[in-house]
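K.L.:
What follows is a single structure, and I will ask about it in a moment.
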Amino acid sequence: MNEQRVTLYGDFIRPDQADFEGTLSFCFKTGYLEKSKLWKSKDLSAEFMGHFWENLLDMGSIRPRLHFICAELLENAVYHSPSSDYMVLIQLYFKASELLIFVENSVEPDRIGEFRAYIENLLAADDLQALFIRRMKAARRSGSRKSQVGLITIMKDRGARLSWRVAEGPDAVRVTTLARLRLETDPKENGGAS
């Protein structure tokens with residue numbers, strides 16, 4: 001039997017639980033391409049998605065925020081996915097008031113405990129700026145290039161809400177990250193005062 005233990009963090013919803021107006025997806029096997037090529041293509045993929053939704057939604061302010069979020073989530077997915085035949089999937093769902101960005105990837109089972117602790121700490125943080133500064137100082141002290149501030153920046157500076165679904169199976173752990181990006185409308189577009 002192929003049972004999974006599923007844990008949700010934050011206000012995670014599955015794509016099939018949301019009404020949406022449109023969707024865009026990319027999917028690739030992590031073992032098919034070298035990680036260095038995946039690493040380079042994450043920025044191209046994120047840039048394409050930012051331009052696509054900017055034009056579709058006619059919202060110039062969405063592109064830089066969406067680009068950063070997609071690039072960061074894809075970077076994490078590529079970095080943490082084992083080199084194998086596991087898939088990395090990024091899906092963007094457009095609703096009237098928000099974009100839902102789902103990134104699904106596999107994680108080495110021995111690294112999931114550290115990941116759980118990190119996201120629990122992130123979701124419990126009252127002051128994201130203070131957490132950001134602590135993580136940067138810790139990385140500087142240790143000489144590590146791994147500051148783990150990307151997800152903090154997504155929440156703090158890009159205004160997205162993050163949540164996760166962790167599915168642990170007998171052979172693999174699948175992590176789905178959801179970034180919810182609220183769409184701000186221009187009052188002039190809705191008949192507001194100029």
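K.L.:
Express in % the proportion of alpha carbon pairs of the stretch 5-182 at distances exceeding 21 Å.
P.N.:
Pairs farther apart than 21 Å: 49 percent.
K.L.:
Rank by packing, highest mean first: peptides 67-76, 129-138, with packing defined as the count of other Cβ atoms within 10 Å averaged across residues.
P.N.:
Those peptides, ordered most packed to least, come out 67-76, 129-138.
K.L.:
A follow-up question, please. With a ≥ b ≥ c taken as the square roots of the eigenvalues of the C-alpha gyration tensor of the stretch 115-171, please select rounded if a/c is under 1.5 and otherwise prolate if a/b is larger than b/c or oblate if it is not?
P.N.:
In terms of gyration-tensor shape, oblate.
K.L.:
Let me ask something else about it. Charges only on Cβ, +1 for Lys and Arg, -1 for Asp and Glu: so what's the dipole of the stretch 5-182 about the Cα centre, in debye to the nearest 20?
P.N.:
Dipole of the stretch 5-182, to the nearest 20 debye: 700 debye.
K.L.:
Same structure, new question: Normalised by the residues of the stretch 5-182, what does the relative contact order come to in percent, with Cα pairs under 8 Å and at least six apart?
P.N.:
Numbers: 276 pairs, mean separation 51.9, N = 178.
Value for the stretch 5-182: 29 percent.
K.L.:
Additional query: Positive end of the dipole of the stretch 74-121, charges at C-beta (+1 Lys, Arg; -1 Asp, Glu), about the Cα centre: which of L100, I112, Y79 has its Cα farthest in that direction?
P.N.:
Farthest towards the positive pole: L100.
K.L.:
May I pose another question? Enter the Cα centre distance for the pair the stretch 101-177 and the stretch 1-23, rounded to the nearest angstrom.
P.N.:
Using only Cα atoms to place each centre, the spacing works out to 18 Å.
K.L.:
For the stretch 5-182, build the charge dipole from Cβ charges (+1 Lys, Arg; -1 Asp, Glu) around the Cα centre, then report which of A124, A167, A138 sits farthest towards its positive end.
P.N.:
A138
Each reported figure results from applying straightforward, stated rules to the coordinates on display, with no laboratory input. Quick caveat, the model's predicted, so the values are computed rather than measured. Neighbour counts run over all protein chains shown; Cβ positions are idealised from the backbone, glycine included.
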